[in-house]
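Asker: So that we are looking at the same thing, I have put the structure below in structure tokens.
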Amino acid sequence: MSRFIYEPKATGLVLIDTVNDIFSENGKGYPLFKEEFARIGVLENLVRLLAGARERQMPIFFCPMSYTEEDFTTWKHLSGIHQEMYTKRMFEAGSWGADFHPRLRPRPGEITIIPHKNIDVIANTDLDVQLRQHGVEYVAIGGMIGTLCVESTARSAMERGYHVTTFTDATATIGGEAAHEAMVERYRLISHATLDVEEFLAASDKSVHSG
């Protein structure tokens, strides 16, 4: 159980790349994570996390990724992950694949961050500004990919002075259970709390009940 108590209005839920190319069965990236999604229950956990944040009236920030035709054809230096995404034309701007998964899409009043193109969302978008404008001190980060965008964004949030929470069961990576466990160990070094979804929501309830 978390030793922290989360004040919902000061706690921002950041959901990274909750789009069809990752979470829908016909998505271009889904086969890479299918087995881990099934083992961990990532989609259902994210749905529960999102619903819980909405019930507690936390500010919610959706962080999609997308690439234009110009991106696909003019980038000179492609990292390994960009080579993978560009070969498959993942997250193509305006496509079904880059649209939010129907169970993980924003509602009116929730914040959609400008699409990111590199793995650190804070370094490459308006996320930091949006968090500060909405009075967020505690940042809880879920979504994909656990060892890339989630981990890099968590590191940046920690460096900028936010209280950072990462999740054991609301993300996944490539490499099976051993890779997942190694990822979680790194999370514990760069985060202030690494919890499962139920622990996080319970710790948020403490603030409501104590108020």
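All of the numbers you see were taken from the coordinates with simple rules; none came from a lab. All figures in this text were calculated on a predicted structure; none of them were measured in a lab. As a convention, Cβ positions derive from the backbone with ideal geometry for all residues, glycine included, and neighbour counts pool all protein chains shown.
Asker: May I ask you to order 140-146, 124-130 by the average number of other C-beta atoms within 10 Å around their residues, highest value first?
Answerer: Going by the mean number of other Cβ atoms within 10 Å, highest first, we get 140-146, 124-130.
Asker: Would you calculate, for the chain, the mean residue ellipticity at 222 nm contributed by helices, counting each DSSP H stretch of 4 or more residues as -39,500 (n - 2.57) and dividing by all residues, to the nearest 500? Intermediate values should be presented prior to the final figure.
Answerer: Working: 10 runs with 93 residues, N = 211.
Mean residue ellipticity, 222 nm, calculated: -12500 deg cm²/dmol.
Asker: Moving to a separate point now. Expressed in nm², what is the orientationally averaged projection area of the convex hull enclosing the Cα positions of region 8-210?
Answerer: 10.8
Asker: Give the separation of the Cα centroids, region 81-120 to region 135-190, in Å.
Answerer: 18
Asker: Give me the dipole magnitude in Debye, nearest 20, for region 8-210 about the Cα centre, with unit charges on the beta carbon: positive for Lys and Arg, negative for Asp and Glu.
Answerer: 340
Asker: Same structure, new question: Rounded, prolate or oblate, given the Cα gyration tensor of region 29-88, with a/c below 1.5 counting as rounded?
Answerer: Here region 29-88 falls in the oblate category.
Asker: For region 21-135, just say rounded, prolate or oblate: build the C-alpha gyration tensor, square-root its eigenvalues into a ≥ b ≥ c, call rounded for a/c under 1.5, and beyond that prolate if a/b exceeds b/c, oblate if not.
Answerer: Numbers: a/c = 2.09, a/b = 1.25, b/c = 1.68.
In terms of gyration-tensor shape, oblate.
Asker: Compare the Cα positions of Trp75, Tyr30, Met65 along the charge dipole of region 8-210 (+1 at Cβ of Lys, Arg; -1 at Cβ of Asp, Glu; about the Cα centre) and return the one farthest towards the positive end.
Answerer: Sorting the options by dipole projection puts first Met65.
Asker: Note the count of lysine pairs whose C-alpha atoms are less than 18 angstrom apart in region 8-210, limited to pairs 8 or more residues apart or on different chains.
Answerer: Close lysine pairs under the 18 Å cut-off: 7.
Asker: Now a separate question. Amide H of Asp196: which non-local residues (sequence gap of 5 or more, or other chain) have their own amide H closer than 5 Å, using H built in the peptide plane?
Answerer: Thr168
Asker: Label Glu70 and Ala38 with points 7 Å out from Cα along Cα→Cβ: what is the distance between them in nm?
Answerer: Taking the simple label geometry, Glu70 and Ala38 are separated by 4.2 nm.
Asker: Taking a ≥ b ≥ c as the square roots of the eigenvalues of the Cα gyration tensor of region 137-211, is the shape rounded (a/c under 1.5), prolate (a/b larger than b/c) or oblate?
Answerer: oblate
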